[in-house]
Amino acid sequence: MKNIFWKKHSVFIILTVMLIPAVLIIARYSTWPSILPFLKILNGPIPNDQIPYDLAIGYVVSYLFFLIQVEIPQLRKEKKAYLTLQNDISHVILQAALIKKTLENQSLLEIAQHKGALPKYKYTVSKELVGNENFPVAQDAPKPANEDGFYNFLWKANYDYEKLKNQIVFQNLNECLIEQIIKLNIAFWFQTYRSLIAVPSLQSIPNAKIKVEGDAEKEKLKEALKELEIILGISITISAA
């Protein structure tokens, strides 16, 4: 949590911390000591050298300029982009969470070999029941000509994932949020599974003798979901329906 907060606000935090000595220098050259007698460092005659005072004034002006012209407009732009894409982001996160949940019990190769009925899940976000998910096909895109339910689910998840990333306002989101969404890498799972079902000979190889998906990709997916829950202040719980 601390790392995410730092990454989101590091420049603003550093500039704000540097503002403290600038304000103290300005106070040293003013009548503030009489107002703040407890700050002994401000007591005494006003120094003759005006350079520290001029530099401090310049820094405060620059800080206010940064705050008004950069930081506040950037925060507004990020908020507007998030409100525009909120539903799409939530759906992609839920799809990634379902992929993670499915791969906890079986590998992509095992799913491709058996093509059995996959479980239906119910999920909650921030303790509020959202609904049931049974690997649906995208409603706003052509249905893929495949009877494999998991393939259709991954196809939909990848379609929604790429659609989200290609939105013009996606680049206006907070950098930390963009980074974690990219790390979900839903395209990897879709392309890997599509390759498996496209080459039937791969499905006959015992699971122990072939490494389909790397542990690194699973860890990246798990970490990205965890970070997204923290960034967005949500909690996702998935269980069998």
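The values are calculated or read from the model by the stated rules, or taken from the named source; none is laboratory data. Please read these numbers as outputs of a predicted model, since none were measured by experiment. Backbone-built Cβ (ideal geometry, glycine too); neighbour counts: all protein chains shown. Side chains are part of the model used for accessible areas, which takes the heavy atoms of the whole protein and leaves out ligands, DNA and RNA. Shrake-Rupley method; radii C 1.70, N 1.55, O 1.52, S 1.80 Å.
Testing PHE135 on (1) among the hydrophobic types (A, V, I, L, M, F, W, C); (2) modelled with pLDDT of 65 or more; (3) farther than 30 Å from LEU24 by Cβ, one condition comes back false. Which one is that?
(2)
Here are ILE181, ILE230, ILE197: which of them is farther than 21 Å from PHE150 by Cα, modelled with pLDDT under 90 and touching a helix residue (DSSP H, G or I) at 6+ places or on another chain (Cβ under 8 Å)? I'd like the intermediate steps shown before the answer.
Numbers: ILE181 fails: modelled with pLDDT under 90; ILE197 fails: farther than 21 Å from PHE150 by Cα.
Selected residue: ILE230, the only one of ILE181, ILE230, ILE197 that is farther than 21 Å from PHE150 by Cα, modelled with pLDDT under 90 and touching a helix residue (DSSP H, G or I) at 6+ places or on another chain (Cβ under 8 Å).
Out of the residues in region 28-71 meeting the condition of being more than 22 Å from VAL17 (Cβ to Cβ) and surrounded by 11 or more Cβ atoms within 10 Å (Cβ to Cβ), tell me which one is modelled with the highest pLDDT.
GLN50
Could you list, ordered by first residue, the pairs with Cβ atoms under 8 Å in which the first is in region 216-241 and closer than 13 Å to SER90 by Cα and the second is open to solvent by less than 70 Å² (accessible area, probe 1.4 Å) and of a type in the set (D, E, K, R), at least 6 apart or interchain?
LEU225/LYS100; SER235/GLU229; ILE236/GLU229
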